[in-house]
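Here is the structure we will look at.
The values are calculated or read from the model by the stated rules, or taken from the named source; none is laboratory data. Not measured: the values here are computed from a predicted model. Glycine also receives a Cβ, built like all others from the backbone with ideal geometry; neighbour counts cover every protein chain displayed. These accessible areas exclude ligands, DNA and RNA; they are computed on the full protein's heavy atoms, side chains included. Shrake-Rupley method; radii C 1.70, N 1.55, O 1.52, S 1.80 Å.
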Amino acid sequence: MKALRNFLDKVKPNFEEGGKLAMFRSVFDGFETFLFVPGTTAKHGTHIHDCIDSKRVMSMVVIALIPALLFGIYNVGYQHYLVTGQDTTDFCGMAVFGLAAVLPKIVVSYLVGLGIEFIVAQWKREEIQEGFLVSGLLIPMIVPVNCPLWMLAVATAFAVIFAKEVFGGTGMNIFNVALITRAFLFFSYPTAMSGDAVWIATDPILGIGGDAAVVDGMTGATALGQVAVAESGLATVTDAMGNTLSTMDMFIGLIPGSIGETSKLAILIGAVILLLSGIASWKTMFSVFVGGAVVGYIFNSVGATPITWYEHILLGGFCFGAVFMATDPVTSARTECGKYVFGFLVGAVAIVIRVLNPGFPEGMMLAILLMNLFAPLIDNLVVQANINRRLKRANKVK
């Protein structure tokens, strides 16, 4: 590391004002501050100084996402091998196929998103902002495996420009950038984001894998998709080959779904990492689950939904949204009391959307985006309530 630090110090003058590569100063600064904690501190104002900065925070979130990403890669291969009739004990083969399907999406997401951020930083002569380090990984994890790369590129560009840069960049956006990408895809290209054909890669990739056309009786519908079109009272959901899913199957995650959202075990590992490191708020995370469980229990009790409250939590992107999306410190509530309210409403609204509108069987995406809009209002109400309470106390003292 010392050798790398010495090398950066040696070439740094070339990127500073007056240097021959000064036009790429923001690019160099982005790489330098990613590799090493900046040595500069604030010159005025009141600041909390710590050994961690926003790049280190984003890096920790990426680390927390790795278990879900790795399982998602494996599950893509597993689902393909299952529907093509291949040997599902071939771990390496399934992992290689999954990597071949998922890696291009990660590459496209980062190339488009970071490319735009680099261009904007150069144009504005500012530092490259680090927020897309997380968004760039979230985006490919919340889309179906068969989402075309060009659609992903268009949606990512739209989200970065109109949901982030126009608001001022990282820390200024009011909507979660990754969810705006998914919403753009959902409403602009609905056939690429719903239906039976988008969740399982049925064709070979670069000669890797088999052909699902030789297998009969395959369904690619997600569990929530099955529930949405099921007749009243039908509570059984199945995997791609028609086998009934157990609660453990839902928890482990070897089922059709978005790339990174199926394994609740992997998401749980990520949640533990975020909570132990202090990156995510347990109040927001916990409240999302409480809101979803309460509303899910009520709907199930009155017969409005055929699945139980815990199945609502285990299916779809509920857990992924609760852990990695609702806890976004930029777009969620920031007051301590507001975090409880924000999280509860996210979980509750997600289940309401699922149950009352079969056209949106997932619900979590719209719930979080809706509450992103109301997060400032929630914080304002909490702050105003605190002010009013203190004024009453002050008046009593008088």
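So the values come out like this:
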{"quantity": "Two-site label geometry, ALA304 and ILE252: point separation in nm, points 7 Å out along Cα→Cβ", "calculated": "3.4 nm"}
{"quantity": "Label point at ALA157 placed 7 Å out along Cα→Cβ; residues across region 96-137 whose backbone nitrogen lies under 16 Å", "calculated": "108-120"}
{"quantity": "Net lengthening on full extension, THR89/GLU126 (0.36 nm per residue, minus Cα-Cα)", "calculated": "8.2 nm"}
{"quantity": "Solvent exposure of region 70-220 as accessible area per residue, Å², 1.4 Å probe", "calculated": "42 Å²"}
{"quantity": "Per-q log10 I(q)/I(0), region 70-220, q = 0.16, 0.18 Å⁻¹ (Debye; single scatterer per alpha-carbon; no solvent)", "calculated": "-0.84, -0.98"}
{"quantity": "Whether region 234-342 is rounded, prolate or oblate, judged on the alpha carbon gyration tensor where a/c under 1.5 counts as rounded", "calculated": "oblate"}
{"quantity": "Computed FRET value (nearest 0.05) for LEU8 with LEU268, which takes r as the C-beta separation and R₀ as 35 Å", "calculated": "0.35"}
{"quantity": "Solvent-accessible area, 1.4 Å probe, carbon plus sulfur percent, for region 222-398", "calculated": "67 percent"}
{"quantity": "FRET E, pair TRP282, ALA385, Förster distance 30 Å, beta-carbon r, rounded to 0.05", "calculated": "0.85"}
{"quantity": "Gain in span if fully extended, CYS337 to ILE205, counting 0.36 nm per residue against the direct Cα distance", "calculated": "42.6 nm"}
{"quantity": "At R0 = 35 Å, FRET efficiency that the Cβ-Cβ distance of ASN243 and LEU111 yields, to 0.05", "calculated": "0.35"}
{"quantity": "Candidate residues TRP309, TRP150, TRP199: accessible-area rank, largest first, probe 1.4 Å", "calculated": "TRP150, TRP309, TRP199"}
{"quantity": "For region 222-398, accessible area per residue (1.4 Å probe, heavy atoms of protein chains only), Å²", "calculated": "45 Å²"}
{"quantity": "Carbon plus sulfur fraction of accessible area for region 70-220, probe 1.4 Å, in percent", "calculated": "68 percent"}
{"quantity": "Shape call, region 282-398: gyration tensor on alpha carbons, a/c limit 1.5", "calculated": "prolate"}
